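Beneath this line is the structure, given in structure tokens, with notes to follow.
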């Protein structure tokens, strides 16, 4: 059961990235994010959603407005039940890819957000939790 303050966007194809990006804009209207910060968040979501489609086939993006003390922000959780990542350290290196991509998705997403955590188990799936805080 999902939290009433969160939005879950199923990811099954590349076209599902667009609704996830659109939902972010609606959710963060009450937060103090600049246009460029919204672009960074949307780009990070696009990267992890494309990874879900490319490597797992399907999964979901969960969007949640969060507060820690006086700080407010947006947490994005990308999860799938795909093959998992065998070598997380290597996957987080710029230029490493097991497909024909540039290998910038995961490390790039980490750079775009303020907090980034990746948990993966081979054969069970991957969960990435990223947060961007208001400035």
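The values are calculated or read from the model by the stated rules, or taken from the named source; none is laboratory data. Predicted model, so just to flag it, every value in this text is computed and none were measured. All Cβ positions, glycine included, derive from the backbone under ideal geometry; neighbour counts span all protein chains shown.
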Any residue at all in the range 21-31 that is under 22 Å from residue 108 (Cβ atoms), out of contact with any helix residue (DSSP H, G or I) (no Cβ under 6 Å at 6 or more places or on another chain) and exposed (fewer than 13 other Cβ atoms within 10 Å of the Cβ)?
yes
Using beta carbons and a limit of 6 Å, which pairs, at least six apart or on different chains, have the first residue in the range 80-100 and at pLDDT 80 or above and the second one part of a loop (DSSP other than H, G, I, E, B) and surrounded by fewer than 16 Cβ atoms within 10 Å (Cβ to Cβ)?
84/122; 84/123; 84/124; 86/122
Check on residue 65, modelled with pLDDT of 90 or more and crowded, with 18+ Cβ neighbours inside 10 Å:
no
Could you run through the range 7-25 and say how many residues are touching a strand residue (DSSP E or B) at 6+ places or on another chain (Cβ under 7 Å) and either at pLDDT 95 or above or within 12 Å of residue 62 (Cβ to Cβ) (or both)?
8
If you go through the range 44-58 one residue at a time, how many are more than 9 Å from the chain's Cα centre (by Cα) and either surrounded by fewer than 22 Cβ atoms within 10 Å (Cβ to Cβ) or at positive phi (or both)?
7
Can you work out which of the residues in the range 104-126 that are touching a residue at least 60 places away in the same chain (Cβ under 8 Å) and not in a helix (DSSP H, G or I) is surrounded by the most Cβ atoms within 10 Å (Cβ to Cβ)?
126
Kindly indicate whether any position in the range 56-63 is in a helix (DSSP H, G or I), in contact with a strand residue (DSSP E or B) (Cβ under 6 Å, 6 or more places away or on another chain) and either closer than 18 Å to residue 105 by Cα or in contact (Cβ under 8 Å) with a residue 40 or more places away in the chain (or both).
yes
